[in-house]
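What follows draws every value from the coordinates through simple rules; no lab data is involved. Because the structure is predicted, anything quoted here is derived from the model rather than measured. Here the Cβ is made from the backbone with ideal geometry for all residues, glycine too, and neighbour counts use every protein chain on show.
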Amino acid sequence: MKRFAWVILVGLLISAVVGFTGCTKEKVIKVGAILRLSTGASDGLPAKRGIEIAVDEINAAGGINGKPLKVIYEDSKDSPQASVTAFEKLISMDKVKVVIGPMMSGNTLAVAPIAERNHVVVITPNGTSPKISNAGKYIYRGCTRIDKQAEALTKYAKDKMGVKTVAILYSNEPYGKGCNKLFSKYFNDLGISVVADESFMRGDRDFSAQLTKIKQKKFDLLFIPGYLQETAPAIAQARKMGIDAPSMGVFGDMAPKYIELAGSAAEGHVIA
């Protein structure tokens, strides 16, 4: 399913590429891709495979205006500075006019001013920050804004799940903290009480201290925003500790790797 989404994303990107093909004498149309390839992230390599599927299909059908499509990959290393370095290399040395990525909001926002100055189209596949919407006329996203996810998920929790109380276990970094703050507001606005609020660090695998505190509370929903490398083991550990409340997560959990890491604890997990 995720690879299919990447095929669709590349298809949308082609409409941007077509606008540049009429003014180039290049025999190959080059597109840049800045992905998380070396940090152990679950989305980088699947993204690359999805792009490759789309490119193979496009080239097999004759390319774009008779020209084959070539994707030049760069590694964001999950860093704004590395993303900027990769982006500058793609536009100055490789002369690309369209870039898939960077992945993640902070990395996308870091390259946005450069993209605007150089009139380079950027489509981030998973940058959820609302700030991206106003980052410039050349900046686009292929996913739902985090505030829209929060609105939909909290409403679903109230209307469909009957949730009145929620415990939150979040990743103590910008994305997780942002989700905790945003979702807490939406929960409260709907009359859902946040009865526990605990955090963990990136790289943590033992969540027993936080879960022990959470278990002492009464709640209808366990909300765990963050990255699946931590959120999946966290829900698995919660189940082993006897916490059986329904669980909810965010966009980052939407990958087969989550099921692999969480095991049977992934059953019934709600995401958007």
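Annotations
- Virtual spin-label span in nm between Q216 and M161, 7 Å along Cα→Cβ: 2.4 nm
- Over the chain, DSSP H runs of length four or greater, each weighted -39,500 (n - 2.57), average out per residue to a 222 nm ellipticity of -14500 deg cm²/dmol.
- Of (i) 120; (ii) 130; (iii) 301, the label for volume of the Cα convex hull per residue in Å³ derived from the coordinates: (i)
- 13 Å beta-carbon shell around I224, net charge (K/R +1, D/E -1): -4
- Extended-chain gain in nm, criterion 0.36 nm per residue less alpha-carbon gap, K185 and E267: 26.8 nm
- The long axis of helix 105-118 is offset from the longest Cα principal axis of the chain by roughly 20 degrees.
- In Hz, Karplus ³J(HN,Hα) per residue of the stretch 85-91 (6.51, -1.76, 1.60; θ = phi - 60°; x = Gly, Pro): 4, 5, 5, 5, 5, 5, 7
- Normalised by the number of residues in the stretch 146-266, the average gap of Cα pairs under 8 Å and 6 or more apart makes the relative contact order 26 percent.
- Charge tally in the Cβ shell below 10 Å around K213, where Lys, Arg are +1 and Asp, Glu are -1, K213 excluded: 0
- Separation of alpha-carbon centers, the stretch 116-141 and the stretch 170-215, rounded to whole Å: 28 Å
- Taking amide hydrogens as placed 1.01 Å from N in the peptide plane, the amide H of N126 sits under 5 Å from those of M104, G142, each at least 5 positions away in sequence or on another chain.
- Compactness relative to 2.2 N^0.38 Å, alpha carbon Rg of the stretch 146-266: 0.95
- Theoretical gain in end-to-end length, N134 to M241 [0.36 nm per residue, Cα-Cα removed]: 34.2 nm
- About its Cα centre, the dipole of the chain is roughly 400 debye, where the only charges are +1 on Lys and Arg Cβ and -1 on Asp and Glu Cβ.
- Two-site FRET efficiency, K70 against H119, from Cβ-Cβ distance with R₀ of 25 Å, rounded to 0.05: 0.75
- The phi torsions of the stretch 229-234, fed into the Karplus equation with coefficients 6.51, -1.76 and 1.60 and a -60° offset, translate into couplings of 4, 10, 5, 5, x, 5 Hz, rounded to whole numbers, with Gly and Pro shown as x.
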